[in-house]
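Encoded as structure tokens, the structure appears first; notes follow it.
The values are calculated or read from the model by the stated rules, or taken from the named source; none is laboratory data. Keep in mind that this is a model prediction, so the values were computed, not measured. Every residue, glycine as well, gets a Cβ built from its backbone with ideal geometry; the counts of neighbours run over all protein chains shown. Side chains are part of the model used for accessible areas, which takes the heavy atoms of the whole protein and leaves out ligands, DNA and RNA. Shrake-Rupley method; radii C 1.70, N 1.55, O 1.52, S 1.80 Å.
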Amino acid sequence: MKFSLNQFLLAVSFALDFVEMDIAGKRTNHGKRVAYITLRIAKKMGFNDEDLHDIVSLAILHDNGICEATNDVVLDNINDEEHLMKHCITGENNATNYPFLKKRKNIIRYHHEKYNGLGFYKLKGYEIPLMSQIICFADFMENGFILDKMCDENKRKIEKFVKAQSGKLFKPEICEAFLEITRNTSFRLDLGDNFINSALKKYTPEFTVELSLTDIVKITDVFSKIIDSKSKFTRKHSKGIAAKAAIMADYYNYDVDKKTRLVIAADLHDLGKLAVPNSILDKPDKLTDDEFDIVKGHTYYTRAALSKIDGFEDITEWASNHHEKLNGYGYPYGKKASELDFNSRLMGCIDIYQALTEERPYRKPLPHDKVINIMREMADEGFIDRNIVADIDSVFKFQVPESSLQNN
């Protein structure tokens, strides 16, 4: 299918920004601003369209490893050197299957290296990929200064800092390009929350590539891993649902195209959960009504992100309807049976089955028979499709629970 890399990137950046806000305390649209600053500098330095597109992709993905790296550290130490280095390595590995227009290696891994060797790997000057150096500069400036308020005294302070660090922390040509593009008022205004999306879309070269659905699964598989690593209690959730969706698709004799689309929907169904704070996801006690209202927003965010991608219309429906119920008591839209197609119903049932067989902060994983009894009760009350529950029981009754495999 024709796959717009630009649309997918904007969908991903929408979700990743929530992660950086929650875990790293970044401002809204941090990733997009880093990408925009990177793009404008690279354009000024003469990059061609393919290189411009790839460096925007890399800039948006530069902190994609932050979830997985954070699960093994105390949040108070989120900015310590060990964690920062780990998220660079994880982010590089996660981006391996991303369809960059050219082969890119170690750009994300080295995006914290400084021109004078003050980085994790102690690389200097030309030893650091130029793309890494530009992303490093953009990330450093976006973190250290409020660039969309760059006027009067603040602007003079920023210019003074950049000139002082030219040839030290940063490559002189990067500093020169930045100082030149910041002379235009439009650069500062483009960085504002109200305009950053349109500015990034305007300046990023458009690339639509022909990808098979199998190729797209390789991409979405990466993001399901990022989604699952948001909380230590959901590390297998999306992948578990994707695996079960594939099994159920075979049970229903779906063709390869329909099966693969269902797997993609499973991979991305909880994309919006990146917007839910970990303090809620990992809470060991019952959620308050206000906290549950926040959780209920995640499927809305999944739809908001995926609806940006042409050709994902059915995938968007199946992914974002997984908490809707046949009797209209689901969320976020309260859809009823007539508004939920079979795959939306199937995704909802698989999600319930997977969640109940997983460990949570407040309970141990439940065995198959107990889960099926709970789901039958839900079907009797009109929440979910009883025929699908019966099929799930038949298909998974004799499978070894994933929790048992994980403990061996």
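How many nm separate the modelled label positions at residue 210 and residue 386, each set 7 Å beyond the Cα in the direction of the Cβ?
Going from the residue 210 label point to the residue 386 one covers 4.9 nm.
Starting from the Cα gyration tensor of the stretch 250-408, take the square roots of the eigenvalues, sort them a ≥ b ≥ c, and report rounded, prolate or oblate (rounded when a/c is under 1.5, otherwise prolate if a/b is larger than b/c, else oblate).
Working: a/c = 1.34, a/b = 1.03, b/c = 1.30.
In terms of gyration-tensor shape, rounded.
Distance between the C-alpha centers of the stretch 249-301 and the stretch 157-204? Whole Å please.
After rounding, the separation between the Cα centres reads 37 Å.
What percentages make up the Cα-Cα pair-distance distribution of the chain when the bins are 20 Å wide from 0?
26, 53, 19, 2
Which of 85, 213, 300 sits closest to the plus end of the dipole of the chain, meaning its Cα is farthest towards the positive end, when Lys and Arg get +1 and Asp and Glu get -1 on the C-beta?
My answer, from the dipole projection, is 85.
Taking the Cα centre of the stretch 186-259 as origin and charging only Cβ (+1 Lys, Arg; -1 Asp, Glu), how large is the dipole, in debye to the nearest 20? Could you put the intermediate results ahead of the total?
Values: 13 positive and 10 negative charges, 106 e Å.
It works out to roughly 500 debye.
Taking θ as phi - 60°, what are the ³J(HN,Hα) couplings along the stretch 116-126 by the Karplus curve (6.51, -1.76, 1.60), each to the nearest whole Hz, with x for Gly and Pro?
Karplus values, whole Hz, x for Gly and Pro: 8, x, 8, x, 5, 9, 6, 7, 10, x, 5.
Roughly how many Å² of residue 201 are accessible to a 1.4 Å probe, to the nearest 10?
130 Å²
Going 7 Å from the Cα of residue 327 in the Cα-to-Cβ direction, what parts of the stretch 372-387 have a backbone nitrogen less than 14 Å from that spot?
Only 375-386 pass the distance filter.
Explain nothing, just the number: dipole magnitude of the stretch 217-374 about its Cα centre with +1 on each Lys and Arg Cβ and -1 on each Asp and Glu Cβ, in debye rounded to the nearest 20. Don't jump to the answer; show the numbers that get you there.
Numbers: 25 positive and 24 negative charges, 92 e Å.
So the magnitude is around 440 debye.
Work out from phi, with θ = phi - 60° and the Karplus expression 6.51 cos²θ - 1.76 cosθ + 1.60, the ³J(HN,Hα) of each residue of the stretch 380-389, listed in order in whole Hz, and give x for Gly and Pro.
Per residue, the Karplus-derived 3J(HN,Hα) values read 4, 8, x, 7, 10, 6, 5, 5, 5, 4 Hz.
On a full-extension model of 0.36 nm per residue, what is the gain between residue 313 and residue 247, subtracting their alpha-carbon distance, rounded to one decimal in nm? Intermediate values should be presented prior to the final figure.
Working: separation 66, 0.36 × 66 = 23.76 nm, distance 2.25 nm.
My answer for the length gained is 21.5 nm.
Cβ neighbours within 10 Å, averaged per peptide: list 382-393, 268-279, 208-219, 295-306 in order, most packed at the top. Could you put the intermediate results ahead of the total?
Numbers: 382-393: 18.5, 268-279: 22.9, 208-219: 15.0, 295-306: 20.9.
Going from most to least packed, we get 268-279, 295-306, 382-393, 208-219.
Take the Cβ-Cβ distance between residue 103 and residue 258 as r, set R0 to 41 Å, and report the resulting FRET efficiency rounded to the nearest 0.05. Each step should come with its number before you reach the end.
On the way: r = 33 Å, r/R0 = 0.79.
Taking R0 as 41 Å, the efficiency between residue 103 and residue 258 is 0.80.
For the stretch 288-337, rounded, prolate or oblate, judged on the Cα gyration tensor with a ≥ b ≥ c (square roots of eigenvalues), a/c < 1.5 rounded, else prolate if a/b > b/c? Present the calculation step by step, with values, prior to reporting the outcome.
Numbers: a/c = 3.68, a/b = 1.43, b/c = 2.57.
The shape class here is oblate.
Of 319, 45, 337, whose Cα points farthest to the positive end of the dipole of the chain (charges on the beta-carbon: +1 Lys, Arg; -1 Asp, Glu; origin at the Cα centre)?
Sorting the options by dipole projection puts first 45.
Going through the cross-link list 225/308; 105/225; 230/364; 236/364; 2/236; 102/236, which pairs have a Cα-Cα distance over 23 Å in this structure? Please list the in-between numbers first.
On the way: 225/308 21 Å; 105/225 20 Å; 230/364 19 Å; 236/364 15 Å; 2/236 30 Å; 102/236 31 Å.
From 225/308; 105/225; 230/364; 236/364; 2/236; 102/236, over 23 Å: 2/236; 102/236.
What dipole magnitude, in Debye to the nearest 20, does the chain give about its Cα centre under +1 on Lys/Arg Cβ and -1 on Asp/Glu Cβ? Could you put the intermediate results ahead of the total?
Working: 57 positive and 62 negative charges, 223 e Å.
Once rounded to the nearest 20, the dipole reads 1060 debye.
Residue 118 to residue 282: FRET efficiency via 1/(1 + (r/R0)^6), r the Cβ-Cβ distance, R0 25 Å, to the nearest 0.05?
Numbers: r = 34 Å, r/R0 = 1.37.
Efficiency computed from Cβ-Cβ geometry: 0.15.
Checking the a/c ratio against 1.5 first, then a/b against b/c, what shape does the Cα gyration tensor give for the stretch 89-228? Don't skip to the end; give the middle numbers.
Numbers: a/c = 2.29, a/b = 1.40, b/c = 1.63.
Taking the square roots of the gyration eigenvalues as a ≥ b ≥ c, the stretch 89-228 is oblate.
Contact order normalised by length for the chain, with contacts defined as Cα pairs under 8 Å and 6 or more residues apart; what percent is it?
Numbers: 611 pairs, mean separation 66.0, N = 408.
Worked out over the chain, it gives 16 percent.
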